[in-house]
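Please read the structure below before turning to the comments.
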Amino acid sequence: WHLVSGHISALSCLGYSFVGSPFISFLKSAVISLCGLPPTNPKTAHYTLEGRGVTQVKYSDFNSNFFLSSPRKPCPASSSSDPPDPTPLIRVASRSYDLQERRCTGNMTGAEQAKYERIPTDESEAQTLASADLDGIKSHRFEDVPGVRRHLVRKSTKGQVVHVGKDHKEPSTRSQKKDRTPHEVFVELNELIMDKNQEMQWRETARWIKFEEDVEEETDRWGKPHVASLSFRSLLELRKTISHGAVLLDLDQKTLPGIAHQVVEQMIISDQIKAEDRANVLRALLLKHRYTTITTPKHQPGQSKSKHELKLLEKIPENAEATVVLVGSVDFLEQPTMAFVRLQEAEELDSVLEVPVPVRFIFVLLGPPSTNMDYHQIGRSISTLMSDKHFHESAYLADDRQDLLNAINGFLDCSIVLPPSEMGGEELLRSVARFQKEMLRKREEQGALLAKEPKSQKEKDDPLQRTGRPFGGLIRDVKRRYPKYVSDFKDALNAQCAAAVIFIYFAALSPAITFGGLLGEKTEGLIGVSELIVATAVQGVLFCLLGAQPLLVVGFSGPLLVFEEAFYSFCKGNGIEYLTGRVWIGFWLIVIVVTTVALEGSFLVRFVSRFTQEIFSFLISLIFIFETFSKIGKVLTAELLLGNGTISVVSVKVLGEPNTALLSLVLMSGTFFIAFYLRKFKNSAFFPGKLRRIIGDFGVPIAILIMVLVDYSIRDTYTQKLSVPSGFSVTSPEKRGWVINPLGMYTPFPIWMMFGSVLPALLVFILIFMETQITTLIVSKKERMLVKGSGFHLDLLVIVVLGGTSALFGLPWMAAATVRSVTHANALTVMSKAVAPGDKPRIQEVKEQRVTGLLVAILVGLSIVIGDLLRQIPIAVLFGIFLYMGVMSLNGIQFTERLMLLLMPPKYHPDHTYVRKVKTLRMHLYTVIQLVCLAALWAVMSTVASLAFPFVLILTVPVKMFLLSRIFTAREMQCVSWPIH
């Protein structure tokens, strides 16, 4: 047959056509008789009409293929003078190579395993291609005599038509597509380079987990992650190569040699390379890989991973699948050749990646060095595309080449082209980022309908939704939260919970001591540090055992301090016993909270918008800052006016000494600046991350310790110290005991005041309600991904009932402290280690349990026995902590930012939504209205009507709902003030 085919080729070159002639039947009969094959049924012949006059005649029962063509152009004479030995003819007849597969010009989408096994070389031979006689192997296995090689396969036209027989069935590939679920993608770019020994090898030059990381050539180390910037031309070249190159989807191969061979075969079929270049291309694809900072790239089973691998694997998601990009220039090719491969299943390929990640996609681009194509930039382009969420999802789901091209077009639609002009500074690029955000927002709107479905499901579990039944919300909170009570203790068996206990203990003890000292001054020692520590411990323990959201930290707050001062002044001015009045307020508090919970009143927190919450938060910070400078001012004034006279700062008269005011100012300032800069040190670049976090989290205790040591070392200057009684006793044993008589301790309590206490009780309830419910909303926001749920009704009931009962023992009321609760939740948050370099860490889970809060409350209670140590703390140090709490609380408040914008020219305004979407004058008008409300609150607080402060605060809700809605449009209100999440 080799001899005959050579003559056929020669005659074909002279213009003869043998298609459909009796000569074919003669040739068929001759070969059948030579090979001893059974006679052929002519009905099983399949005729395939290809473009450009090439006709393929396929006889399926002969298990071989014959090509006879009438070319348009004369071809050189074939060399058929040296026919091979006839023995391999039987091998050719017994081993078929289905030409239907070879006709798929770059669009092979996963044929059957049996078909892939019929390949020119098996895997063992492919590994020795450097020394194999590939042309000899190929000519023995196929009818690929050099004389007729160029006539075997011609590049098909786009509109090719295939005619098959009735009994022919096209192999189905749908059933073999197993997993098309998009996974996270790790992309590695390898380029073909010449090493020091003048040998070609693949070298890793860049990688993508989410952002691009490049290998710095001079230092041979990884650079900083950054957003990839691509040239527009490289994207167009990439689209062009994919439109004309080889695309193999759902390729069923397990090893690199098998994949490489199928890629090369498809390149030949798609007329990208010549058949004689097969060996060189295969050899190039199978060259060894070199990696950065890795000495042993091979990942053998059972081999322990290096430190670099473990560190990198932590950044890669567990279910990630890799994309390998191979680009480079070679001398033996005349034109660029490309192949895009998607494997049917992800496979770990030895010596391909720097880490053992299963490979799903392979992109190959080889070409001559003389072309004007930039292989490096095209490799970066396809790597960036594969790291893009939308494109790699399309690559997983693509059925053919056109789906990939459509995905590239979608990527281009959301890309920005910068003109080739000089940039004066980074400020000019802000408009670029803003424009891209708008394009991305439009792309995300396509999935808006899908996002509404789970939202409707979530609303069914909304803890603030009313049931319409008495105590319906409370019952639902109990049913939702208490079945997970046992897991609240099991989930605490974690090292992170143990570390959180130590941190939150200092975070809870510092405000207890600080507020206790100030409360002792406001109430002239009736309620002080001892009472506040005991209340924090007892109410904290009971709330952690009974509450629905144990992440909340119960504590004293600034607004409650203001109310305590106002109520004490009222009682002192009217001759009413302060502690007895608190007992009756506590009684009415219980009545009010039971009524509110019965009516499911917690839903009212929905009406508390950002407008009110910002005023409330800013007011708390302002109270802290004002109290600090007010007390330091008293110390300075006392020394300047009295000299060596007596100073009364916290209701304890002491003998003033020189430099007391100066040292107090130094202690206050030192405490503030140490705590403040240690907090900023947490986000600096010094020291490892864990050490920075420890130093930043314990900044307040470190600042207190340093300043106490400074004060202790200066013996010749007096400073006011914290007043703490010895042992378990009240702050002023001569004035009160642990139990308060509801009818009066020294004089009978007025009956009218028993009923009149309902008004101050309502005001206290407003403060506790707002701070507790707002804190619960902040802690339970969806970004934290809490799974056990919250209970607004149950938490409010427990906190208020505990506070009302505590008044009988002369203990202060408590609320869910916002800053401490958020700190507690952050300390128990587990961040995902699989974070792309340069990306923000994502929350993996939050340890929702009761043990940390329980242990913190117990430790705070035990602190009462360290009174000797607490008495060494100067009051000025507590002022510094108060100033720190006030300044840090201002961070993140939009009202604070807009106040600063009042003093800023518009061209320096930041790129925020409320700046871009709202006119400057109307934004300032909104800020001024908030400022007026804040001033009104401060004025009420500073007068004899300070008891009405909570009532004035709650009036800001209707101001926003009815007044601002008439002044500002709905769009402006949405940009400036939206409901709290």
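Numbers for the structure displayed
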item	result
Cα-Cα over 26 Å, subset of Lys690/Lys847; Lys682/Lys721; Lys389/Lys782; Lys682/Lys781; Lys389/Lys840	Lys682/Lys721
Peptides 961-968, 590-597, 185-192, 514-521 ordered by average Cβ neighbours within 10 Å, highest first	514-521, 185-192, 590-597, 961-968
Per-residue ³J(HN,Hα) for region 501-518, Karplus 6.51 cos²θ - 1.76 cosθ + 1.60, θ = phi - 60°, Hz, x for Gly and Pro	4, 5, 5, 5, 4, 5, 5, 8, 6, 4, x, 4, 5, 5, 5, x, x, 5
Packing-based order for 684-691, 761-768, 922-929, 533-540, using average beta carbon neighbours within 10 Å, highest first	533-540, 761-768, 922-929, 684-691
Distant-in-sequence amide H partners of Gln844 (H built 1.01 Å from N, under 5 Å)	Val830, Met831, Ser832
All-pairs alpha carbon distance profile, region 466-543, 5 Å steps from 0, percent	3, 12, 13, 14, 13, 12, 13, 12, 7, 0
Cα gyration tensor, region 828-981 - rounded (a/c under 1.5), prolate or oblate	oblate
Region 467-529 versus region 784-826: alpha-carbon centroid distance in Å	6
Region 822-981, relative contact order [Cα under 8 Å, separation at least 6], %	14
Separation of the Phe629 and Arg842 label points, Cα + 7 Å toward Cβ, nm	4.5
HN-Hα J in Hz across region 249-255 - Karplus 6.51, -1.76, 1.60, θ = phi - 60°, x for Gly and Pro	10, 6, 6, 9, 9, 10, 10
Relative contact order (%) - region 893-980, alpha-carbon pairs under 8 angstrom, separation at least six	33
Nearest-20 debye value, region 527-637 charge dipole, Cβ charges on Lys, Arg, Asp, Glu	140
Rh (Kirkwood; distinct C-alpha pairs) - region 893-980, Å	14.2
Magnitude of the charge dipole, region 893-980, Cβ model with Lys/Arg +1 and Asp/Glu -1, debye to 20	340
Label-point separation, Asp462 to Trp752 (7 Å along Cα→Cβ), nm	4.6
Distance from region 193-265 to region 860-931 (C-alpha centre basis), Å	49
Potential lengthening between Leu709 and Asp195 on full extension [0.36 nm per residue; Cα-Cα distance subtracted]	178.9 nm
Under Karplus coefficients 6.51, -1.76 and 1.60, residue-wise ³J(HN,Hα) of region 778-791 in Hz, glycine/proline x	5, 5, 8, 5, 5, 5, 7, 6, 6, 10, 8, x, 10, x
Sequence-distant residues sharing a close amide H with Ser732 (under 5 Å, placed H)	none
Which of Glu199, Glu393, Glu564 is most accessible, then next, and so on - probe 1.4 Å	Glu199, Glu393, Glu564
Portion, in percent, of the accessible area of region 457-517 that falls on carbon or sulfur, probe 1.4 Å	64
Cleavage-rule hits (GluC sites (Glu not before Pro)) in region 715-821: DSSP loop, at most 10 neighbouring Cβ within 10 angstrom	Glu734
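The values are calculated or read from the model by the stated rules, or taken from the named source; none is laboratory data. Please read these numbers as outputs of a predicted model, since none were measured by experiment. In this analysis, Cβ positions are derived from the backbone assuming ideal geometry, glycine residues included, and neighbour counts consider all displayed protein chains. Surface areas here come from the heavy atoms of the whole protein model, side chains and all, with no ligands, DNA or RNA. Shrake-Rupley method; radii C 1.70, N 1.55, O 1.52, S 1.80 Å.
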